[in-house]
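The values are calculated or read from the model by the stated rules, or taken from the named source; none is laboratory data. Just so you know, these numbers come straight off a predicted model, no measurement behind them. So basically every Cβ, Gly included, is an ideal-geometry build from the backbone, and we count neighbours across all protein chains shown. Ligands, DNA and RNA are excluded from the accessible area calculation, which covers all protein heavy atoms including side chains. Shrake-Rupley method; radii C 1.70, N 1.55, O 1.52, S 1.80 Å.
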Amino acid sequence: MSFTSDRRTLSPSLWAAVAVLCVSIASLGECYQPTLTPITACSVYKNCDTCVPHARCLWCFSTNNCSEYPVRWLLPPATVCPLSQARWGMCWLNFEALIITMAVLGGIILIGIMVCCCWCCRCCCCKKRGSRPDRDEEILTRRREEIKNRAEERKVDKKARHDEIRKKYGLMGDSDHPYSKFENE
């Protein structure tokens, strides 16, 4: 192997290093080979305690045998074993109880997520609403304005009554009033 741009060639010691490296990489793949343990059939196990620790095995109490778990289905069909009699993973837990437990836990988790989302939305909405005046403050402001308007109306009515009384007794400088004072010109 030579570099054409520098027109230099590899020295023999470099060639030897490259060869050793290539041989060691090639032999590394051959050196490591995982040892495979032979898979024993599930039918070998004769009781539930020896059958269910193996993930691929299913114990059926109705037939008292250990069989391969039917991986094509999520749950074993009734032809293999009824759900109430099937055990997988633990001898004391049947599939019916497992399904009910998983459904309840899933429902609780969904309800919890919904409650958290509603709570978060409520907090976000409260923060947005906090920038405008509070509803109670709006009500108090409206009441103050109504009281002020009623007071103004009463003031105007009171002034009108007083003006009528002044006109009646000639205390006002109104020339149209019959009881007004005569003025000499």
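Summing Cβ point charges (Lys, Arg +1; Asp, Glu -1) relative to the Cα centre of region 57-175 gives a dipole of roughly 1020 debye.
When region 45-177 is described by a simple charge dipole with +1 on each Lys and Arg Cβ and -1 on each Asp and Glu Cβ, the residue from I165, C124, A55 located farthest towards its positive end is I165. Our estimate of slack between I111 and T50, defined as 0.36 nm per intervening residue step minus the Cα-Cα distance, is 18.1 nm.
Here the simple spin-label model places points 7 Å from the Cα toward Cβ, and for E152 and N65 these points are separated by 9.8 nm.
Ordering L105, L110, L98 by accessible surface, largest first, gives L110, L105, L98; the 1.4 Å probe counts only protein heavy atoms, with every chain in place.
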